[in-house]
Every structure is written in structure tokens, then in C-alpha cells.
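**Q** Got a structure for you, questions after.
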Amino acid sequence: ATFSADGKRVVTASADGTARIWNGQTGAAIGASLRHGAAVGTAAFSPDGQRVLTASRDNTARLWEVSSGRPAAPPLAHEAAVVQAAFSRDGNLIVTASQDKTARIWNAQTGKPVAPPLAHASAVTSASFSADGQAVVTASEDGTARVWEVATGREIAGPLQHDDTVGFAAFSADGQSVITASDDRTVRQWSVTNGRARAA
């Protein structure tokens, strides 16, 4: 469950195959359920609060209009469950992470891909943008995190290697470092410039 930026609404994701929008003050449901064909793992508002992004085990992420509950773009389709989806800070792009071993970057208005798939050797567990929207960091069950250039889909740092599944990766506020968390029981900080570990 997450709040909209203004705190007036909450969106929830559920294993019942739906996401729902709620009044953040009263708890009353707003509009109809946002329906997928399988469990919804994540849901988030766009930065302007006008749309909701959901990710589901039905192999899609979907964009919805908050005002009407209707789809705002075609489904963002993968070949296996989509485990996470996130907006860039400006709301113009979306990144999705999937068990099909890829992350993908999409135009948030049209729902069309804007770069080649970002490929790992195993399921991708998380994906997120840098603050300036120029890069994406992905984490994977293949034991690595990788940093990619949004404009081209080119890998610019990595592999950032762990000894087990990397469940999460994110940029520092200035975009110069990446933090990773792994099933190998370590959290590590890496330089984006040279891909070297800064701390264990």
C-alpha cells in the first residue's frame, strides 16, 4: 500500500488480482477495483497522482486513470510474472522487472518500449530509476545487479556480483552509488563510475 504524493489517496495491491484506490482520510474505496488476471504484487501512483501503475503475476503491468479507473495505456507485457513496476521521478517513463529474466523501460504515455530489454541470466527481482531518470539499476536471482543507460539500454556498470540472489538494488540520491541487498546476507555499496564495491 502506498500514498499519493499529496497524501489524499492510498492504493493497495492484493493477491486477489486487484488493486484499489482509497480515500486517505476516511478509508472509503474510490471507484471500482483495478483488475488483473492474477495476484497484483505492487501498485504505485504517478508523481502527479493522476495515474496508478500495477504489476501482476498475469505477466503484465498496467496503467490506470485514477479519475475513472479505466486503462490509460495498453498492458505492458512480459513473458512471465511482473514482480515490480516503477515510474521515473518525472513520470514520463516506467521500468518493469519480471521473472522472464528481463527488465523493460516503457513510455508512460503510450505504453511502448523505449529501449531493448535489459537482460539477466535469471529472474529480475527489482528495477528502479536514478533520480535524473538517465539510468536504471536492476537486481536478479542470478546474483548480480546491473546499471543500464535508459536512452540506449546499454549496460554501463556491472555485473555487481554477490554470492546469491540480489533481491533489491537502488541508487543514492546523487546517482553516483548503488546499494544492493542479497540472500548472501550482505548489503553492499558500489560506485556507478567503476562498478567497484565501496563498502561491505
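**Q** Given the options Leu160, Val178, Ala19, identify the residue whose Cα lies farthest towards the positive end of the charge dipole of the chain (+1 on Cβ of Lys, Arg; -1 on Cβ of Asp, Glu).
**A** Of the options given, the answer is Ala19.
**Q** Right, here's the next one. Cα atoms only: what Rg and Dmax, in Å, come out for the range 41-135?
**A** When restricted to Cα atoms, the range 41-135 yields Rg and Dmax of 12.1, 40 Å.
**Q** Let me ask something else. Which of the trypsin sites (Lys or Arg not before Pro) found in the range 61-170 are in a DSSP loop and have at most 13 neighbouring Cβ atoms, other than their own, within 10 Å? Intermediate results must be reported in sequence, preceding the final value.
**A** On the way: sites: Arg62, Arg89, Lys101, Arg104, Arg146, Arg154; in loops: Arg89, Lys101, Arg154.
The qualifying sites are Arg89, Arg154.
**Q** About the Cα centre, and with charges only on the beta carbon of Lys, Arg (+1) and Asp, Glu (-1), how big is the dipole of the range 96-200? Nearest 20 debye, please.
**A** For the range 96-200, the charge dipole is close to 220 debye.
**Q** Among (i) 8, 24, 18, 15, 12, 9, 6, 4, 2, 1, 0; (ii) 8, 29, 34, 19, 6, 3, 1, 0; (iii) 10, 36, 34, 17, 3, only one was calculated for this model; which label is it, if the read-out is P(r) over Cα pairs in 10 Å bins from 0, in percent?
**A** Computed from these coordinates, P(r) over Cα pairs in 10 Å bins from 0, in percent corresponds to label (iii).
**Q** For the chain, give the magnitude of the charge dipole about the Cα centre (Cβ charges: +1 Lys/Arg, -1 Asp/Glu; no others), in debye to the nearest 20. Intermediate results must be reported in sequence, preceding the final value.
**A** Details: 18 positive and 18 negative charges, 84 e Å.
The calculation lands at about 400 debye.
**Q** Could you put Asp163, Asp16 in order of accessible surface area, largest first, with the 1.4 Å probe and the full protein assembly present?
**A** Details: Asp163 130, Asp16 110 Å².
So the residues, ranked largest to smallest area, are Asp163, Asp16.
**Q** Next question. Say the dipole of the range 43-144 comes from +1 at the beta carbon of Lys and Arg and -1 at that of Asp and Glu; which of Ser67, Thr138, Gly111 then lies farthest toward its positive end?
**A** Result: Ser67.
**Q** With the other protein chains left in place, how much accessible area per residue, in square angstrom, belongs to the chain at a 1.4 angstrom probe? Please report the intermediate quantities before stating the final value.
**A** Numbers: 9330 Å² over 200 residues.
With all protein chains present, the chain gives 47 Å² per residue.
**Q** Between Ser68 and Thr152, 0.36 nm times their residue separation minus their Cα-Cα distance comes to what? If you can, show how the numbers build up before the last one.
**A** Details: separation 84, 0.36 × 84 = 30.24 nm, distance 3.44 nm.
Gain in length upon complete extension: 26.8 nm.
**Q** What three numbers, in Å, describe the spread of the alpha carbons of the range 1-49 along their principal axes, ordered from the longest?
**A** That gives 30, 21, 14 Å along the principal axes, largest extent first.
The values are calculated or read from the model by the stated rules, or taken from the named source; none is laboratory data. Note that the coordinates shown come from a computational prediction; the quantities given were computed from them, not determined experimentally. In this analysis, Cβ positions are derived from the backbone assuming ideal geometry, glycine residues included, and neighbour counts consider all displayed protein chains. These area figures cover heavy atoms from the full protein model, side chains too; ligands, DNA and RNA do not enter into them. Shrake-Rupley method; radii C 1.70, N 1.55, O 1.52, S 1.80 Å.
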